[in-house]
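Student: Here you go, one structure.
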2 protein chains.
Amino acid sequence: MSGARFSKTYQGELRVPMREIGLSDGTVFTVYDTSGPYTDPAVETDVTRGLSPLREQWILDRADVVGYGGRQVKPLDDGYRDQASWKRAHAVPRLGARRQPLRAAGGPVTQLAYARRGVVTKEMEFVAVREGVEAEFVRAEVAAGRAIIPANVNHPESEPMIIGRNFLVKINANIGNSAVTSSIEEEVEKMTWAIRWGADTVMDLSTGRDIHTTREWIIRNSPVPIGTVPLYQALEKVGGVAPDLSWEVYRDTLIEQCEQGVDYVTVHAGVRLSYVPLTVGRKTGIVSRGGSIMAAWCLAHHRENFLYENFEEMCEILASYDVAFSLGDGLRPGSIADANDEAQFAELRTLGELTGIARSRDVQVMVEGPGHVPMNKIKENVDLQRELCDDAPFYTLGPLVTDIAPGYDHITSGIGAAMIGWYGTAMLCYVTPKEHLGLPDREDVKTGVITYKIAAHAADLAKGHPKAQEWDDALSEARFEFRWEDQFELSLDPGTARSFHDETLPAAPAKTAHFCSMCGPKFCSMRISHDLRAAEGMRAKSEEFVAGGGEVYVQLTDRPLLPREERGQSEV
Amino acid sequence: MSGARFSKTYQGELRVPMREIGLSDGTVFTVYDTSGPYTDPAVETDVTRGLSPLREQWILDRADVVGYGGRQVKPLDDGYRDQASWKRAHAVPRLGARRQPLRAAGGPVTQLAYARRGVVTKEMEFVAVREGVEAEFVRAEVAAGRAIIPANVNHPESEPMIIGRNFLVKINANIGNSAVTSSIEEEVEKMTWAIRWGADTVMDLSTGRDIHTTREWIIRNSPVPIGTVPLYQALEKVGGVAPDLSWEVYRDTLIEQCEQGVDYVTVHAGVRLSYVPLTVGRKTGIVSRGGSIMAAWCLAHHRENFLYENFEEMCEILASYDVAFSLGDGLRPGSIADANDEAQFAELRTLGELTGIARSRDVQVMVEGPGHVPMNKIKENVDLQRELCDDAPFYTLGPLVTDIAPGYDHITSGIGAAMIGWYGTAMLCYVTPKEHLGLPDREDVKTGVITYKIAAHAADLAKGHPKAQEWDDALSEARFEFRWEDQFELSLDPGTARSFHDETLPAAPAKTAHFCSMCGPKFCSMRISHDLRAAEGMRAKSEEFVAGGGEVYVQLTDRPLLPREERGQSEV
């Protein structure tokens, strides 16, 4: 964070990372940190080697997983027909020696299984410190299915985090090289950039070539959980022809991703054949990529969705690696007109059914939500999801509260995200200014993440999270006391705040000026307010004096609250 | 609106301006337009002469006003001590011949007075066409005090607009040369820029020198109502020393501004002496400039606020020109911590009392609101204002839903603005990215206005405004049908939408591509959705066929929904 004075610190035995903001009075203010080792000057990172495996020993100590050869990585995983063309085309260097994948030696190795057995895992302890709650509370929330800790045993580099309505609201940033543009290096860079600004998880939505290799780079270098949509890669493997998809290709892809360390997967198992006709009368049909692919498959074969039909087998696979379900809302509305319609809610009922099945197999599960929803219909989404999915964490994309502002959909969706977060959504999937128009670049990723940090934090405040309120108080106190540098440092984006101030009042002394640049010295209400406090003190003293029979307020009328000699700009 | 194809049109006998968006199928979509004659190529504008006086004849035809000499403009009005220094310093050319000011010949000449007498004025007719409602409805809402039409008889250049919960939600943009920077030309340019993007009213918050002249330029060139805070100029006249203010200086300033044509004035009459101590325990004291000035005055003299004490005389003045009150919330919270506190609500009760007095004198009145409010405390503000102020239009600044994002306060406040608009606020005062940090430049004004258009429109949608829904539908249909140019043109900012699309897919044919640039041709859900509709149609046909005993679905499985030959990028 360019020019910010904050530093990294670690709390407790498990060395839980925190961001420390040094204030001008020598105290520090501590906030949640998602940026990983990249912001620790004491740690040297090398993207070609990946991060050090923080959780490896914790996982091995539980003695419930075994290493195995794993599925062989094939040219087709990266979109190539044979070894020769794969090697020829593949300019990207391979990462260092591959770690042997782990999987359950026996039953489920999930955080949910442990929580239900009453065991507080190291991951739960870590999360407890991070959130400032008791570890037992974390365990209980996970056990109840109200929260999940996405933590694949094959992604030991991750710093555990929790997604649930009774914790801080989280945000996800999507990255991914679409078929049209982008490169592996760019995607890894986008991931580290997104977490620097506060992304709690990152979804790799890559399509096109080099999907496997891109993902390997991202996971090995990511301190946050990585989510994917395995269907995208499966579709690549069948040449992009939706009807050619099969459970076999999908299953193989799912295992491939579980072995790599993906922490949660979006699965569009709720798009049932019989729901597809419900979308025909819509303004914007099906707008979820996964949803439209599965709908195409269902219609082409006139068969039930193979993800729905094979859901129990999928549960067994995910349980062996502790990969969480993110039950995709393939029929989410793509316009205000389509919000909360029968197609959407029919699928939600199925997601509720699937939530129950996943939980019965000890698989962690969250549920995805819309999309495009006018403000008056947002709460219904949360209430219904809660009821139908038995309090499983809700994970929504926005929602956008109007369709008329392409180019500004971080804002149209940030409004809906803040509201739905307040109503109880556990994680908010960001939307960048490029939504509906193009692929986000570095600046768009930053804008999207910061907009969503605002939405998530506003939701935390509205939910009465004490730590959230402390942050606002710290910044507002700095503002009121004209501690400009503290105000900048406590903001979500110190560099931008500082540069905006510089534009109007560039000189260094202005950073200690006792007025704001908007109003100038005479009109600064905060300054007058300070003078009033002094006057108030004086009035109290005067009243004591009056009680003793003296004259009151004379001093005040004689002495303007803004003495003439201070009204100039001499302080600037 | 760089590169937009929309054009200007006028509806009805009163020539009510509308923005017409030409769509690719030859139809037009019409939206509310605030941009005035500046976007009409048939009108030649000259800022040194001002706009033509649209309402002049309407006003004169009512035969209830008389022209008079008016108060003499003095050097002090512009912040100069004598004629010599005024002329010397005054580089800015004066506007052409000054129009003689008008004022009531007898009783009140306000829209409220007419509405109560059952008269539908030309202004009400104009507003009715603009809003798409019956003129009688407009009259009834004004008569009830639930809406106001700010329309000073000395601002005949303005195109009438209405502010009330049962009409489209409006937005205000603040401009003004602060003591620190800016120039007259810049401020006029900011006004025309702000209305081009959709500002419904503009407040001139100038301080420092040349206030009178700046305002003259702004009003003469403004097709939207202009609001001010007369206290700022009054304070300049007493050298910036709050305790030196007096009713006499203020009254003189108020008349000066009424004669110029200011349409509504923010008056901080609710900051009563006894409320000031209620702010002492706050995190951020008093953050309203006007509030802090009046609080300083009250404390310095230990006397009741002279604006409160002279409120009835003020009503008489405003009634003679039809200037509306905007009752200022001088004690609004300046931080999340201070929201909805006793100081704020004590003042609101007084604003309710003053609303009643103003209405009893036939003066139009709206009431200002916060500020900084967490999401969970927003609704209480609207409900209480409605109750205490008997449904007078509410006009709020944001509110910001968190304090931690200086540099992004258009977003933190856009969230609160959308919500409070939905709850019933009639006008939203914009906040730019520079809030708390510096003065907005051209780009900041645009960003602020568009963010607030989003908030206002989202509120209209949530309130079920049919015209609002039509706009979203038109854009979403264009999106679904891959009518890229129509999608751009229908957006709030066509140039930005188009340029974002250009970044990823710059070639002209991409504007007709049947997929989005985010996903590429294979993964485009909208494209697949189209194919599904075709398939659905086919399925229906197949079912008819089945009813006749034939084979079904064979065609579908044989024919992938995305035929191989179309999967390439040959269409791009």
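Every number in this text was worked out from the coordinates using simple rules, so none of it is lab data. Here the structure is a predicted model, which means the values were calculated and not measured. Because the Cβ atoms are built from the backbone with ideal geometry, glycine has one as well, and the counts that use them run over all protein chains shown.
Student: Treating the point 7 Å from Cα along Cα-beta-carbon as the label, what are the nm separations from B:VAL43 to the other copies, to one decimal?
Tutor: 6.1
Student: Per-residue mean of other chain beta-carbon atoms within 10 angstrom of the beta-carbon, peptide A:409-419?
Tutor: 6
Student: Further, regarding this structure: Quick one: work out Rg over Rh on the C-alpha atoms of segment B:125-192, Rh as Kirkwood radius.
Tutor: Ratio of gyration radius to Kirkwood radius for segment B:125-192: 1.10.
Student: How far is helix B:122-131 tilted off the main Cα axis of chain B, in degrees rounded to 10, range 0 to 90?
Tutor: Taking the Cα atoms of chain B, the angle to B:122-131 is about 30 degrees.
Student: Same structure again: Which order do A:ARG209, B:ARG117 fall in if you start with the one that has the fewest other Cβ atoms within 10 Å?
Tutor: Lowest to highest Cβ neighbour count: B:ARG117, A:ARG209.
Student: With just the Cα atoms defining each centre, how far is segment B:287-325 from segment A:10-49? Give it in Å.
Tutor: Taking the Cα centre of segment A:10-49 as reference, the centre of segment B:287-325 is 52 Å away.
Student: Which of the pairs A:LYS74/A:LYS170; A:LYS379/B:LYS453; B:LYS434/B:LYS467; A:LYS190/B:LYS379; B:LYS379/B:LYS453 have their Cα atoms more than 29 Å apart in this structure?
Tutor: Values: A:LYS74/A:LYS170 35 Å; A:LYS379/B:LYS453 23 Å; B:LYS434/B:LYS467 32 Å; A:LYS190/B:LYS379 38 Å; B:LYS379/B:LYS453 20 Å.
Result: A:LYS74/A:LYS170; B:LYS434/B:LYS467; A:LYS190/B:LYS379 exceed 29 Å.
Student: Setting aside same-chain residues fewer than 8 positions from B:LYS8, which aspartates and glutamates have a Cα under 12 Å from its Cα?
Tutor: Cα-Cα hits under 12 Å: B:GLU20, B:ASP33, B:ASP40.
Student: Quick one: dipole size for the protein assembly as shown, taken about the Cα centre, charges +1 on Lys/Arg Cβ and -1 on Asp/Glu Cβ, in debye to the nearest 20.
Tutor: 640
Student: Let me ask something additional. Hey, what do the phi angles of segment A:233-243 turn into as Karplus ³J(HN,Hα) couplings, whole Hz, using 6.51/-1.76/1.60 and θ = phi - 60°, x for Gly and Pro?
Tutor: Each residue's phi maps through the Karplus curve to give 5, 4, 5, 4, 5, 9, x, x, 9, 3, x Hz.
Student: In nm to one decimal, list the spacings between the A:GLY107 label point and its equivalents in the other copies, with label points set 7 Å along Cα to Cβ, shortest first.
Tutor: Relative to the other copies, A:GLY107 has label-point distances of 8.6 nm.
Student: I need A:LEU273, A:LEU475 ordered by Cβ neighbour count within 10 Å, fewest first.
Tutor: A:LEU273, A:LEU475
Student: Another one. May I ask for the distance between the Cα centers of segment B:98-153 and segment A:154-207, given as a whole number of Å?
Tutor: 56
Student: For chain B, find the longest principal axis of its Cα atoms and tell me its angle to the long axis of helix B:494-504, 0 to 90°, nearest 10.
Tutor: For B:494-504 against chain B, the angle is about 40 degrees.
Student: Using only Cα atoms and rounding to the nearest 10 degrees, what angle (0 to 90) does helix A:409-423 make with the longest principal axis of chain A?
Tutor: 90
Student: Put a point 7 Å out from Cα along the line to Cβ at B:ARG62; what are the distances to that point in the other copies, in nm, shortest first?
Tutor: 7.6
Student: What are the ³J(HN,Hα) couplings of segment A:247-262, residue after residue, when phi is run through the Karplus curve with 6.51, -1.76, 1.60 and θ = phi - 60°? Round to Hz, x for glycine and proline.
Tutor: 4, 5, 5, 5, 4, 4, 5, 4, 5, 3, 6, 4, 5, 6, x, 4
Student: Quick one: net charge around A:LYS434, please, counting Lys, Arg +1 and Asp, Glu -1 for every other residue with C-beta under 15 Å from its C-beta.
Tutor: My count for the surroundings of A:LYS434 gives -4.
Student: So how do B:LEU76, A:LEU331, B:LEU327 line up by other beta-carbon neighbours within 10 Å, fewest first?
Tutor: Working: B:LEU76 19, A:LEU331 35, B:LEU327 28.
Ascending Cβ contact count within 10 Å gives the list B:LEU76, B:LEU327, A:LEU331.
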